[in-house]
Amino acid sequence: MKIFKFGGASVKDANAVKNVARILSANGGPKGNVIVVVSAMGKVTNALERLTDAIFFKQEDATAVLNEIKKYHFDIIQQLFSDQGHPIYNEISNTFVELDWAIDDEPTENYNYEYDKIVSLGEIISTKIVNAYLIEASVNSKWLDVRDVIQTDNTYREGKVDWDLTQELVNRNLLPFLENNNNLVLVTQGFIGGTSENFTTTLGREGSDYSAAILAFTTNAESVTIWKDVPGVLNADPKWFDETKKLEQISYQDAIELAYYGATVIHPKTIKPLQNKKIPLYVKSFLNPEEIGTVINDVQTPLPIPSFIFKVNQVLISISPKDFSFIGEDNFSDIFNLFSERQVKVNVMQNSAISFSVSVDNDKRKLPELIKTLQKQYRVLYNDNLELITIRYYDQATIDRVTIDKKILLEVKSRYTVQLVVKPL
Ligand code: ASP
């Protein structure tokens, strides 16, 4: 059994959905069962975030935002299903009723809970459309509500997977069903999970890769393929770098490091479950499905060329005790607690005798509050509009090349990786 994951770009319009059907029916269809994990279509998750904000903060006309989202989906449906009587029209209308209610009802005070309730519908809708289209295209396809299988705690927007319970549900509900089928395509949602009280959670933005890995781990899949609009994993993001090269093969360890430092091609939590069971992960182009792409597996060889990860909009925060005493373990635990409570992720850190510096994403919703709290006890200096460049398998020549016209404010080197917080000059 294999797992395929299709991200938002691969289902962004009617032609893209048709392309998914082509991939799934290539060479007469799948040999063995395939679980197909699908994201929300195109940029729908962003639009649903806007809708959540419109409902919660009442700054924008929520109905207008929802109408845009409805129109986007119904335009796609119309192009895929010429028969206006096709049941998908009703099914999607009924699903949208949940969003109509979300606008009409007064939201609870829990933003993250409301967020998950609303934003998760992007995946519910996309999978219903994809599944219905696959059936039209004669693929032996079925729809699965992943919330009946992937269970999380109730950390809304960042659900922590309950692995034992998820495994139990997979064993009980999913495996016997798969065993009784052959060449079945099971279409299900990425990004979302369910709690024991039947509430919906999300696993963090871009979490569909992780969903694919959870399902692969718990079903002992033979491989995972992530279908993308790039030919594979590149040594740098073409958005920021002109000359990029495709990496043919990557060790799990390097993939974890690259994803951890912010390579957006794979969600950071995806690799570990696959590594634990030595399940290979293929990253392939949905535009050129016959090309080989990249494989991430159990090789031990390091990457042949330096890889770059670039993050903009960084804030470098320097924290020191008000009395200029040394900074020590007590302070660290205190400081990390504050970061963890406010869910602010540290991208790089460094300490000296009297100060501790971190670079974090400039999240306007979290950072001002965090800085205010830190200032109660510490002297806090910060510098924004910075960039963080990480180079895996660096050498001095590559450092010099990427820091031309940049001032280095912080540099952290380990054996294979260098991280540089820089200010453009
Ligand atoms: N739809 C979600 C997002 O855009 C999850 C994903 O696509 O991986 O973040």
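Overview of values
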read-out: Contour minus Cα-Cα distance for residue 110 and residue 220 (0.36 nm per residue); value: 36.0 nm
read-out: Pairwise centroid distance, computed over Cα atoms, of the stretch 370-425 with the stretch 41-111, Å; value: 40 Å
read-out: Of all DSSP beta bridges in the stretch 123-201, antiparallel share, percent nearest 5; value: 40 percent
read-out: Residue (of 383, 217, 119) at the positive-pole extreme of the chain, dipole from beta-carbon charges; value: 383
read-out: Calculated over the stretch 334-425: convex hull of Cα atoms, volume per residue (Å³); value: 112 Å³
read-out: Size of electric dipole in the stretch 5-137: Cβ of Lys, Arg +1 and of Asp, Glu -1, about Cα centre, debye, nearest 20; value: 940 debye
read-out: Charge dipole magnitude, Cβ of K and R +1, D and E -1 - the stretch 284-400, Cα centre, debye nearest 20; value: 500 debye
read-out: Cα gyration tensor shape of the stretch 63-191, rounded if a/c is under 1.5, else prolate or oblate by comparing a/b with b/c; value: oblate
read-out: Label-to-label distance, nm, for residues given as residue 78 and residue 334 (7 Å Cα→Cβ offset); value: 6.2 nm
read-out: Portion, in percent, of the accessible area of the stretch 1-154 that falls on carbon or sulfur, probe 1.4 Å; value: 46 percent
read-out: Charge tally in the Cβ shell below 13 Å around residue 414, where Lys, Arg are +1 and Asp, Glu are -1, residue 414 excluded; value: +1
read-out: Stokes-Einstein D in µm²/s, Kirkwood radius over Cα pairs - the stretch 178-270 at 20 °C with 1.002 mPa s viscosity; value: 140 µm²/s
read-out: Length released on extending from residue 98 to residue 160, taking residue separation times 0.36 nm less the Cα-Cα span; value: 19.8 nm
read-out: Surrounding net charge for residue 360, when Lys and Arg each add one and Asp and Glu each subtract one, Cβ distance under 9 Å; value: 0
read-out: Selected from 414, 251, 318 as most flexible by GNM, with the chain as the system and alpha-carbon contacts under 10 Å; value: 414
read-out: Alpha-carbon Debye profile of the chain, log10 I(q)/I(0) at 0.12, 0.13 Å⁻¹; value: -1.09, -1.24
read-out: FRET efficiency, residue 377 to residue 416 (Cβ-Cβ, R0 51 Å, nearest 0.05); value: 0.90
read-out: Charge dipole (debye, nearest 20) of the stretch 1-45; +1 at Cβ of Lys and Arg, -1 at Cβ of Asp and Glu; value: 80 debye
read-out: Pairs beyond 21 Å (Cα-Cα), from 18/239; 5/284; 228/269; value: 18/239
read-out: Cα long-axis angle, helix 44-57 against the chain (0 to 90 degrees, to the nearest 10); value: 70 degrees
read-out: For the chain, calculated [θ]222 nm from helices alone, where every DSSP H run of n ≥ 4 adds -39500 (n - 2.57); value: -11500 deg cm²/dmol
read-out: Inter-part distance where the stretch 255-271 and the stretch 348-362 are each reduced to a Cα centre, Å; value: 22 Å
read-out: Restricting the stretch 180-246 to GluC sites (Glu not before Pro) in coil, as DSSP defines it, with at most 11 other Cβ within 10 Å; value: 197, 243
read-out: Point-to-point label distance, residue 401-residue 323, nm (Cα→Cβ direction, 7 Å offset); value: 5.1 nm
read-out: Qualifying trypsin sites (Lys or Arg not before Pro) in the stretch 13-87, DSSP loop, other Cβ atoms within 10 Å at most 12; value: 31, 58
read-out: Environment charge at residue 137 (Cβ cut-off 11 Å; Lys +1, Arg +1, Asp -1, Glu -1); value: +1
read-out: DSSP bridge orientation in the chain - percent antiparallel, rounded to nearest 5; value: 60 percent
read-out: Gaussian network model of the chain, Cα within-10 Å springs - most flexible of 350, 189, 167; value: 350
read-out: Given charges at Cβ of Lys, Arg, Asp, Glu: the stretch 211-325 dipole, positive-most of 234, 261, 309; value: 261
read-out: Selection of chymotrypsin sites (Phe, Trp or Tyr not before Pro), the stretch 322-364, meeting DSSP coil and at most 16 other Cβ within 10 Å; value: 324, 326
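The values are calculated or read from the model by the stated rules, or taken from the named source; none is laboratory data. Nothing here was measured: the structure is a model prediction, and the numbers come from that model. Here the Cβ is made from the backbone with ideal geometry for all residues, glycine too, and neighbour counts use every protein chain on show. Please note that ligands, DNA and RNA were not included when accessible areas were found on the heavy atoms of the full protein model with its side chains. Shrake-Rupley method; radii C 1.70, N 1.55, O 1.52, S 1.80 Å.
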